[in-house]
Amino acid sequence: MIRRHELAECDWELLAPLIPRAVRGRPRAEDRQIVNGMVYKIRTGISWRDLPKG
């Protein structure tokens with residue numbers, strides 16, 4: 001079940017190819033998790049420091 005502040009699968013399929021892949025460096029956080037955090041921030045108006053850890 002999709003949460004209210006997460007991208008739907010069809011939206012993610014459109015967006016995912018636009019995100020560049022990491023080539024080197026330390027492992028990144030999961031791209032979808034990052035995008036869902038940004039969507040949550042925009043939709044709720046919460047400040048960056050008040051975002052849930054995760």
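Computing Cα extents along the principal axes in Å directly from the structure and comparing it against (1) 32, 28, 18; (2) 30, 29, 14; (3) 32, 21, 15 singles out (1).
What net charge do the residues around Arg32 carry, taking every other residue with its C-beta under 13 Å from that of Arg32, with Lys and Arg at +1 and Asp and Glu at -1? Every neighbour counted, the sum reads -4. Here the Karplus curve 6.51 cos²θ - 1.76 cosθ + 1.60, taken at θ = phi - 60°, turns the phi angles of the range 33-44 into couplings of 5, 5, 5, 4, x, 5, 5, 4, 4, 5, 6, 9 Hz, with x standing for Gly and Pro. Dipole magnitude for the chain: about 340 debye, using +1 per Lys or Arg Cβ and -1 per Asp or Glu Cβ, origin at the Cα centre.
Taking the number of Cβ atoms within 10 Å of each Cβ as an exposure proxy, the fewest-first ranking of Trp12, Trp48 is Trp48, Trp12. From helices alone, the chain scores -11500 deg cm²/dmol at 222 nm; the rule is -39500 (n - 2.57) for each run of n ≥ 4 DSSP H residues, then divide by the residue total.
Since every read-out is calculated from the coordinates, none of them should be taken as a lab result. All values derive from a computational prediction rather than experimental measurement. As a convention, Cβ positions derive from the backbone with ideal geometry for all residues, glycine included, and neighbour counts pool all protein chains shown.
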